[in-house]
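*Asks:* Starting off with a structure, shown below.
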Amino acid sequence: MNFSLEQLLAFVTVYEQRAFSKAAVKLNKHRTTIGQVITNLEDQLAITLFERIGRIVEPTEDATLLYYYAKQAIEQTRTFDRVALSLSFGELASITIAYSSFIPQQLLTVIRRKLISDFPSMRVNLLVRSKAEIKQGIQEGTIHFGMVNIFESKVINSIDSVLMRNMPFVPFTSVDSSLAQLPGDQTFNKMKSTRQFVLKSMLDDDMAERVILSSNYEVLDQQTLIIRMVQEGLGWALLPRSTLLAEYYSDNIVQIKADQIKEGVNVPVSLWCPHSKQIAIVKKSIVKCITDHIDAVDAVAR
């Protein structure tokens with residue numbers, strides 16, 4: 001049984017919009033056309049997909065079962081189109097790399113240096129974006145690579161995802177803070193009432209229950225600003241261990257020792273990109289660069 005892309009798009013859009021008129025606007029089609037496409041699809045499948053209730057339609061149980069397969073088929077078709085189109089183009093003139101705000105600046109600098117070496121004429125834009133913005137940008141073609149926290153994340157088929165590393169976040173405070181002076185069995189209780197700085201992107205990624213440990217917390221956009229606040233003795237924060245070792249190490253900052261915190265909060269970091277021949281070439285360079293950098297940081301840590 002064969003189905004056209006037009007049928008699948010109409011079905012998925014009506015399912016999501018719950019109305020033929022809204023689906024028609026979204027697909028730039030006439031309402032009658034969308035209604036006829038759905039009717040033909042129902043006849044072809046010999047099942048009812050939608051219950052018509054005035055101007056509103058409600059999907060049946062059969063439609064709900066088929067929706068996810070139809071959505072997947074559309075994404076696979078779009079991926080095929082992008083990959084096939086990319087085969088006729090040469091080297092990319094420019095790329096945009098979007099990243100979560102906790103990604104170490106030194107890593108970004110290393111990546112840029114590597115790309116200058118491998119693709120000297122290619123322009124590279126580096127932008128801080130939320131995970132939702134990165135996913136949308138990759139789908140729309142405005143973002144070529146995304147470095148994101150994939151905690152509680154689902155990636156659709158049109159995005160290529162490579163898990164790079166679990167980045168451990170551990171508590172840091174200033175060397176003069178009372179948290180740095182207390183014995184390990186008393187530190188945790190003190191932390192729960194002491195000002196904590198929390199990175200906004202962690203909350204955006206639904207990690208609030210894991211990263212907010214103090215009832216007295218403040219939310220900041222920039223990790224570099226959080227580090228500065230900690231250096232000035234204004235509070236404590238969960239910071240990536242590798243960042244402090246490789247980039248921001250300061251005699252003013254020390255890791256908090258707490259008996260109740262045996263391990264840091266692990267944040268899984270993934271490299272996202274679309275499927276394409278040109279992107280795959282650049283991705284190979286970026287992945288090697290990240291892997292080499294992580295190995296070097298680990299060597300310092302040991």
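The values are calculated or read from the model by the stated rules, or taken from the named source; none is laboratory data. Nothing here was measured: the structure is a model prediction, and the numbers come from that model. When we count neighbours, we look across all protein chains shown, and the Cβ atoms used for this are built from the backbone with ideal geometry, even at glycine. The area values use the complete protein model at the heavy-atom level, side chains included, leaving out ligands, DNA and RNA. Shrake-Rupley method; radii C 1.70, N 1.55, O 1.52, S 1.80 Å.
*Asks:* What nm value, rounded to one decimal, do you get for the distance between TYR67 and ARG113 when each label is placed 7 Å out toward the C-beta?
*Replies:* Taking the simple label geometry, TYR67 and ARG113 are separated by 5.0 nm.
*Asks:* Please give me the summed charge of the neighbours of ILE34: other residues whose Cβ is under 12 Å from its Cβ, Lys and Arg +1, Asp and Glu -1.
*Replies:* So the surrounding residues net to +3.
*Asks:* So, taking all protein chains as they sit and a 1.4 Å probe, how much accessible area belongs to HIS293, in Å² rounded to tens?
*Replies:* The accessible area comes out at roughly 30 Å².
*Asks:* What do you reckon, how do GLU232, GLU42 stack up by accessible area (1.4 Å probe), largest on top?
*Replies:* Reading off the accessible areas and sorting them downward yields GLU232, GLU42.
*Asks:* Still on this structure, please answer the following. Could you tell me the calculated FRET efficiency between THR60 and ASP206, based on Cβ-Cβ distance and R0 = 30 angstrom, to the nearest 0.05?
*Replies:* Rounded to the nearest 0.05, the efficiency is 0.40.
*Asks:* Moving to a separate point now. To the nearest 10 square angstrom, what accessible area does THR64 show with a 1.4 Å probe?
*Replies:* Surface accessible to solvent at THR64 totals approximately 50 Å².
*Asks:* Which parts of the stretch 171-202 would a label at ASP259 reach, counting a residue when its backbone N lies under 15 Å from a point 7 Å out along Cα-to-Cβ?
*Replies:* Taking a point 7 Å out along Cα→Cβ of ASP259, the residues of the stretch 171-202 whose backbone N falls under 15 Å are 182-191.
*Asks:* Would you indicate which of (1) 0.93; (2) 0.95; (3) 1.10 is the value of Rg/Rh (Cα atoms, Kirkwood Rh) derived from the coordinates of this structure?
*Replies:* Here Rg/Rh (Cα atoms, Kirkwood Rh) agrees with entry (3).
*Asks:* Run the simple label-point estimate for ASN189 and GLN44 please: 7 Å along Cα→C-beta, distance reported in nm.
*Replies:* If labels sit at ASN189 and GLN44, their model points lie 6.9 nm apart.
*Asks:* May I ask for the Kirkwood hydrodynamic radius of the stretch 18-153, worked out over all distinct Cα pairs and given in angstroms to one decimal?
*Replies:* Computed over Cα pairs of the stretch 18-153, the Kirkwood hydrodynamic radius comes out at 18.8 Å.
*Asks:* At a threshold of 8 angstrom on Cα-Cα distance, excluding pairs fewer than six apart, so keeping six or more, what relative contact order does the chain reach in percent?
*Replies:* Computed over the chain, the figure is 21 percent.
*Asks:* Still on this structure, I have one more. How big is the C-alpha Rg of the stretch 98-172 next to the rule-of-thumb value 2.2 N^0.38 Å, as a ratio?
*Replies:* 1.19
*Asks:* Label GLU75 and ALA93 with points 7 Å out from Cα along Cα→Cβ: what is the distance between them in nm?
*Replies:* According to this spin-label approximation, the distance is 3.1 nm.
*Asks:* Using only the Cα atoms of the stretch 1-49, each taken as one equal point scatterer with no solvent, compute I(q) by the Debye sum, divide by I(0), and report log10 of the ratio at q = 0.29, 0.30 Å⁻¹.
*Replies:* With no solvent term, the Cα-only Debye profile gives -1.13, -1.18.
*Asks:* Quick one: if you take sqrt(5λ) for each eigenvalue of the C-alpha gyration tensor of the stretch 92-220, what semi-axes come out, biggest first, whole angstrom?
*Replies:* Sorted largest first and rounded, they come to 35, 18, 11 Å.
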